[in-house]
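Asks: Would you mind keeping the following structure in view while I ask a few things?
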Amino acid sequence: MYLEGSDQHRGWFHSSLLTGCAIDGHAPYRSLLTHGFAVDGAGRKMSKSLGNVVVPQEVTGKLGAEVLRLWVAATDYSGELSISDEILKRVVESYRRIRNTLRFLLANTADFDPAKDMLPVADWLEIDRYALALARRLQEQVTADYGRYEFHRVVQALQGFCSEELGAFYLDILKDRLYTTGTDSKPRRAAQSALWHILQTLIRLMAPVLSFTAEEIWQVLTKNPEDSVMLATWHAQPEQAEESALVTRWQQIREVRAEVSKVLEELRVAGRIGSSLQAEVEIRASGSKYELLASLGNDLRLVLICSKATLVKVDDSAAEGIAAAPSPHAKCPRCWHWREDVGANAGHPELCGRCDANLHAEGEP
């Protein structure tokens with residue numbers, strides 16, 4: 001590869017091409033990549049006289065090398081590369097979002113040994129299999145972006161996956177199962193199985209861009225100073241049947257969830273509820289939409305993150321709608337759900353029936 005700035009199109013690139021073809025009969029390079037130049041936030045060329053020079057050593061000393069690496073990777077180098085304190089602040093936020101997501105994955109797989117705790121994919125909950133399908137698609141997309149040297153698309157994909165697919169959806173729903181079900185229960189181990197595969201996928205995908213962070217996590221996982229993430233290939237994810245249909249199905253469920261979230265936000269703004277768990281939701285649906293939501297059963301309320309979800313079948317789409325109201329019941333201090341069975345068990349009057357079963361009985365299936 002020949003790598004240089006865009007000013008060499010008629011310079012080194014061109015003269016090398018002519019010389020190589022004349023002497024050897026072919027170009028002296030297999031691939032050629034050109035990039036723009038670093039400019040300040042206003043698009044001006046950096047110069048000492050203007051006082052707008054950003055010194056790399058100062059950035060790494062203040063923010064760390066990873067932030068500078070992430071800025072380089074996140075910037076579309078086909079044009080000029082803008083850098084300023086304000087731009088770097090946004091990069092810091094992006095890095096923090098990715099790092100916090102990885103910390104969550106590490107923390108919630110800390111007691112998970114894949115050799116003995118891993119469940120086969122067939123035993124996972126459907127939402128876990130959906131999250132794995134999203135991780136597979138991320139890996140396919142990032143692999144293609146790396147192959148085209150489009151690193152800014154890699155960073156966009158990683159950021160979007162951490163913030164939207166994981167943070168705003170899957171992990172948000174998963175917290176209840178991770179924190180309230182039994183430590184060795186099948187629901188929790190299924191969640192951890194999915195998280196382990198997602199973590200393994202993310203570490204490898206980010207390694208070329210966030211090398212130090214990936215290596216730091218790899219050492220925590222392997223506990224082998226002789227090993228390195230740089231010696232690993234992409235993660236081999238377990239195969240799933242009808243994965244495309246699974247993704248389509250959950251995209252439709254997420255559309256309904258987004259509609260419910262808007263209704264709950266209106267309640268929150270009006271001061272009628274604090275968190276979404278304080279609400280009870282009623283969804284009126286017809287046809288395939290009703291069948292889709294009904295297939296979730298009792299898990300519908302967990303997907304919507306509310307304490308109760310009632311699904312009502314109507315005859316046509318004109319009668320469809322969503323309503324929500326504050327729960328009239330007491331709040332369980334353990335799972336934070338507002339349930340009518342809080343205090344029903346005399347032995348543990350502070351708990352709801354679900355938490356009591358998870359703690360002192362066989363727990364949820």
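The values are calculated or read from the model by the stated rules, or taken from the named source; none is laboratory data. All values reported here derive from a predicted model rather than from experimental measurement. Every residue, glycine among them, receives a Cβ derived from its backbone with ideal geometry; neighbour counts consider all protein chains shown. Please note that ligands, DNA and RNA were not included when accessible areas were found on the heavy atoms of the full protein model with its side chains. Shrake-Rupley method; radii C 1.70, N 1.55, O 1.52, S 1.80 Å.
Asks: Pull up region 331-352, narrow it to residues that are touching a strand residue (DSSP E or B) at 6+ places or on another chain (Cβ under 7 Å) and open to solvent by less than 70 Å² (accessible area, probe 1.4 Å), then point me to the one that is farthest from Leu178 (Cα to Cα).
Replies: Filtering first and then ranking leaves Gly343.
Asks: Here is a follow-up. Considering region 16-72 alone, what residues qualify as being polar (S, T, N, Q), open to solvent by less than 70 Å² (accessible area, probe 1.4 Å) and part of a helix (DSSP H, G or I)?
Replies: Ser16, Thr60
Asks: In region 253-312, how many residues are charged (D, E, K, R), open to solvent by 50 Å² or more (accessible area, probe 1.4 Å) and within 25 Å of the chain's Cα centre (by Cα)? Give the derivation first.
Replies: Just the residues of region 253-312 that are charged (D, E, K, R), to begin with: 254-255, 257, 259, 262, 265-266, 268, 272, 280, 282, 284, 289, 291, 299, 301, 308.
Imposing the further condition that a residue be open to solvent by 50 Å² or more (accessible area, probe 1.4 Å) reduces the set to 254-255, 259, 262, 265-266, 268, 272, 282, 284, 289, 291, 299, 308.
Those left that are additionally within 25 Å of the chain's Cα centre (by Cα): 254-255, 259, 262, 265, 299.
Adding up the residues that qualify gives 6.
Asks: Mind checking whether some residue in region 317-324 is at pLDDT below 95, under 26 Å from Leu293 (Cα atoms), more than 32 Å from the chain's Cα centre (by Cα) and open to solvent by 50 Å² or more (accessible area, probe 1.4 Å)?
Replies: yes
Asks: OK, next. Just to be sure I understand, how many residues within region 220-250 are in a helix (DSSP H, G or I) and surrounded by 14 or more Cβ atoms within 10 Å (Cβ to Cβ)?
Replies: Qualifying residue count, region 220-250: 7.
Asks: Go through region 91-109 and give me each residue that's open to solvent by less than 30 Å² (accessible area, probe 1.4 Å) and under 13 Å from the mean Cα position of the chain (by Cα).
Replies: Ser94, Ile98, Thr101, Leu102, Leu105
Asks: In this structure, is Ala157 in a helix (DSSP H, G or I), hydrophobic (A, V, I, L, M, F, W, C), touching a helix residue (DSSP H, G or I) at 6+ places or on another chain (Cβ under 6 Å) and surrounded by 21 or more Cβ atoms within 10 Å (Cβ to Cβ)? Steps first, answer last, please.
Replies: Values: in a helix (DSSP H, G or I): yes; hydrophobic (A, V, I, L, M, F, W, C): yes; touching a helix residue (DSSP H, G or I) at 6+ places or on another chain (Cβ under 6 Å): yes; surrounded by 21 or more Cβ atoms within 10 Å (Cβ to Cβ): no.
No; evaluated as a whole, the condition is false for this residue.
Asks: If I go through region 169-184 residue by residue, how many of them are in a loop (DSSP other than H, G, I, E, B) and surrounded by 19 or more Cβ atoms within 10 Å (Cβ to Cβ)? Quick ask: steps written out before the conclusion?
Replies: The initial filter retains those residues of region 169-184 that are in a loop (DSSP other than H, G, I, E, B), namely 181-184.
Remaining after also requiring surrounded by 19 or more Cβ atoms within 10 Å (Cβ to Cβ): 181.
Of the residues in that region, 1 qualify.
Asks: Can Thr201 be described as more than 25 Å from Leu231 (Cβ to Cβ) and open to solvent by less than 10 Å² (accessible area, probe 1.4 Å)?
Replies: no
Asks: Restricting the search to region 334-349, which residues are without any contact (Cβ under 8 Å) to a residue 60 or more places away in the chain, part of a loop (DSSP other than H, G, I, E, B) and among the charged types (D, E, K, R)?
Replies: Those that are without any contact (Cβ under 8 Å) to a residue 60 or more places away in the chain, part of a loop (DSSP other than H, G, I, E, B) and among the charged types (D, E, K, R): Glu340, Asp341.
Asks: Search region 55-68 for residues that are under 15 Å from Ser94 (Cβ atoms) and pair each with any residue that is among the polar types (S, T, N, Q) and modelled with pLDDT of 90 or more when their beta-carbon atoms are under 7 Å apart and the residues are at least 6 apart or on different chains.
Replies: Listed by first residue and then by second, the contacts come to Glu66/Thr213; Leu68/Thr60.
Asks: May I pose another question? Got a number for residues in region 110-122 being open to solvent by 60 Å² or more (accessible area, probe 1.4 Å) and assigned to a helix (DSSP H, G or I)?
Replies: 3
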